[in-house]
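The values are calculated or read from the model by the stated rules, or taken from the named source; none is laboratory data. Just so it is clear, the structure is predicted and the values come from calculations on it, not from any experiment. Every residue, glycine among them, receives a Cβ derived from its backbone with ideal geometry; neighbour counts consider all protein chains shown. Only protein heavy atoms, including side chains, enter the accessible area calculation; ligands, DNA and RNA are left aside. Shrake-Rupley method; radii C 1.70, N 1.55, O 1.52, S 1.80 Å.
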Amino acid sequence: MTTQTSSTLTAELREAALAALRRIGADVPSVELVEAGSGVSTGSTSEGIDVVSPLSGEPLLRLPEAGAADVDAAVTAAAEAFRTWRSVPGPVRGGVVRRLGELLTEHKADLAELVTLEAGKITSEALGEVQEMIDVCDYAVGLSRSLGGRTMPSERPGHRLMEQWHPLGVVGVVSAFNFPVAVWSWNTAVALVCGDTVVWKPSEKTPLSALASNALLRRALAEAGFPEAVSQVVLGAREAGEALVADRRVALLSATGSERMGRQVAPVVAGRGGRYLLELGGNNAAVVTPSADLDLAVRGIVFAAAGTAGQRCTSLRRLVVHSSVVDDLVGRLERAYAGLPVGDPRADGTLVGPLTDAAARDRMLAALQEARADGGTVVVGGAAVDVDGAPGAAYVSPALVRMPAQTDVVRRETFAPILYVLTYDTLEEAIALHNDVPQGLSSAIFTLDVREAETFLSEAGSDCGIVNVNIGTSGAEIGGAFGGEKSTGGGRESGSDSWKQYMRRVTNTVNYSTELPLAQGVNFG
């Protein structure tokens, strides 16, 4: 790109964002232009939300900020819409989701551009995130024709014992900046075919992507003749989030964020008798054994650790390597890291975009300083990177750090591209190191030994919700349930039978006989 000033870059980014919003049909470019009936709670507070692009580190727009009263109004509308939506046949609800997938396909490039501008993802990753939304719509459409319970044998003659699954109610979705639209789609596509309505509070860092996604869904609803209130968005910060969490009408609260956030959310939702689905921190590790294909391992490791600038919940943060291959592997990784292009994520060839803000960069640099104090050695990377015309942006070079032990800084998740390298001698030692962290999201092992692979997959192996062999820790497919254990929260989203969290189960007994036998042989009278 040509040399430009910070103000020039900011103006360029602002116009690109507004143009993408216009093409999508989400005409909400500023406080003054948000209109009633747009499907967005416009907010009553005076603060507003500054839309800051990590590409420049400067505000592009200011949007209105929703408060508790706006959340109440959104939940009220969603609860009222639920009374209609719950009785719509599942395949018909699936048709709305199918149409959403078509609109996402039509506007894939536009929405991906907003993801890049707000989250800093390189273009291919942003396009991949929107494709993930399209894929989960396909999955949910199929699900809309297969939701159902079982029939079990009754112990009483002339009786049928079965279960049904009914719509749950209003689903609240709180999403994080790093996947500004995909996580919403995981929840929303499934919730909609299950008969639920949705109130979404996106990260205040990525409101434009949310406005665009919601506009497409509301268009799909309107075209099918259903109330647009089935889908609600509230653009707010802490006050809005707390109001959504505390609202008793929100039957399921699905929240993605930090472990600290989860510790605050869970007691509130549980205390009011609601359900929660939490996707929290992930201090993910990969074990590399003596038999591993190191060429394959390097490719998997570098993407998992440096992709999305280390800002995925599934990013690889710890590498547990056998002592016989650690020097060879670290040398290969050092060369790969040294060649990683860092810069404007829109530019051809860029593989590492910016961190979300300066605070994230400062946390990364502080973690590296702590690692050095613990005896660690930064092999490569770990420095701030200046990008032309963006002095306020937080670009960094991904860091590879050899550590003598798994110290406190290694056991904590730093949401940045830091990869700590540890050494082991026995597989038992490797698994112990791997599991000795509070988080339990994603894990991997690189090995050509079937015994090592199966041990890692077994109950005596990884304690994570996602366990991979010969691939990295990131890049999960939507067909499998996504989520983790321990302080990661225990929730599951997207595939497999995760749909059950969005519905309520009913057990039915039907007596079609002329007798009234009691269960367990009880005789009464």
Does D293 fit the bill of being under 20 Å from D425 (Cα atoms) and without any contact (Cβ under 8 Å) to a residue 12 or more places away in the chain?
no
If you take the residues of the range 203-215 that are assigned to a loop (DSSP other than H, G, I, E, B) and touching a strand residue (DSSP E or B) at 6+ places or on another chain (Cβ under 8 Å), which of them is farthest from V233 (Cα to Cα)?
K205
Condition test on S44, is it more than 29 Å from S498 (Cα to Cα), modelled with pLDDT under 95 and in contact with a helix residue (DSSP H, G or I) (Cβ under 9 Å, 6 or more places away or on another chain)?
yes
Report whether or not R218 is surrounded by 24 or more Cβ atoms within 10 Å (Cβ to Cβ) and among the charged types (D, E, K, R).
yes
Filter the range 367-395 down to residues that are open to solvent by 60 Å² or more (accessible area, probe 1.4 Å) and under 12 Å from A416 (Cβ atoms), then give me how many there are.
1
Which residues, taken from the range 246-260, are in contact (Cβ under 8 Å) with a residue 40 or more places away in the chain and under 15 Å from V173 (Cα atoms)?
D247, R249, V250, A251, L252, L253, S254, A255, T256, G257
Restricting the range 396-408 to residues that are within 28 Å of A453 (Cα to Cα) and among the β-branched types (V, I, T), the residue that is least open to solvent (accessible area, probe 1.4 Å)
V401
Could you count how many residues in the range 282-341 are of a type in the set (S, T, N, Q) and under 23 Å from L448 (Cβ atoms)?
5
Could you grab me the full set of residues in the range 383-417 that are hydroxyl-bearing (S, T, Y) and either in contact with a His (Cβ under 8 Å, 6 or more places away or on another chain) or in a strand (DSSP E or B) (or both)?
Y395
Within the range 142-202, strands (runs of 3 or more DSSP E) holding 1 or more residues that are on the phi < 0 side of the Ramachandran plot, open to solvent by less than 10 Å² (accessible area, probe 1.4 Å) and of a type outside the set (S, T, Y):
170-174, 197-201
